[in-house]
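A quick write-up on the structure given underneath.
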Amino acid sequence: MTKFDTKWVQAEKAKRKYVSENGLYSEAEEHASCGVGLVVSIDGKASRGVVEAGIAALKAVWHRGAVDADGKTGDGAGIHVQIPVPFFYDQIERTGHTPRMDELMAVGQVFLPRTDFGAQETCRTIVETEVLRMGYYIYGWRHVPVNVSLLGR
């Protein structure tokens, strides 16, 4: 039987109580984290090894249905990595804009209808309207290459 340091247990209970009272934690919602893992670099330095460890961890959660019966199609499970800001500054400059380096930047991933170009434009208009309505700026859209041979039916 594992014995815990009683001071550690008390400190953990105090932390949970604090975050629960401040809206950051709900014991009733703990089940919502099934299949969530965290891989970090404790020295705070970017590392390809951290990304590779994250991918390895993701591959280990087959039990949550991350891959369909065809062995190809996923449910959208993936890894979250820090935005490589210099890459996006370069992309922004390619659109003819000057990046606002003193402001935070976000990147959105939008899946548009693949072959219906009218529907694509409608979707873009909806997304842009809402982003602009919320007071943000749009530098542009970037087409991300897709290898359709790897997609399931």
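Name the pairs: first residue in segment 13-28 and in a loop (DSSP other than H, G, I, E, B), second residue surrounded by 11 or more Cβ atoms within 10 Å (Cβ to Cβ), Cβ to Cβ under 7 Å, at least 6 apart or on different chains?
25/16; 25/19; 26/20
What's the number of the only condition in (1) modelled with pLDDT under 85; (2) within 17 Å of the chain's Cα centre (by Cα); (3) not hydrophobic (A, V, I, L, M, F, W, C) that residue 63 fails to meet?
Result: residue 63 passes all but (2).
Go through segment 98-153 and count every residue that is of a type in the set (Gly, Ala, Ser) and not in a loop (DSSP other than H, G, I, E, B).
3
Rundown of residues vs (1) at pLDDT below 85; (2) of a type outside the set (Gly, Ala, Ser); (3) surrounded by 10 or more Cβ atoms within 10 Å (Cβ to Cβ), yes/no style:
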site	(1), (2), (3)
73	yes, yes, yes
81	yes, yes, yes
96	no, no, no
101	no, yes, no
117	no, yes, yes
126	no, yes, yes
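For segment 83-97, give me the residue count where each residue is in a loop (DSSP other than H, G, I, E, B) and either under 30 Å from residue 45 (Cβ atoms) or touching a residue at least 40 places away in the same chain (Cβ under 8 Å) (or both).
Qualifying residue count for the region: 4.
Taking residue 54, is it at pLDDT 85 or above and of a type in the set (Gly, Ala, Ser)?
yes
The values are calculated or read from the model by the stated rules, or taken from the named source; none is laboratory data. Source: prediction; values computed, not measured. Cβ sites come from the backbone with ideal geometry, for glycine too, and all protein chains shown count toward neighbours.
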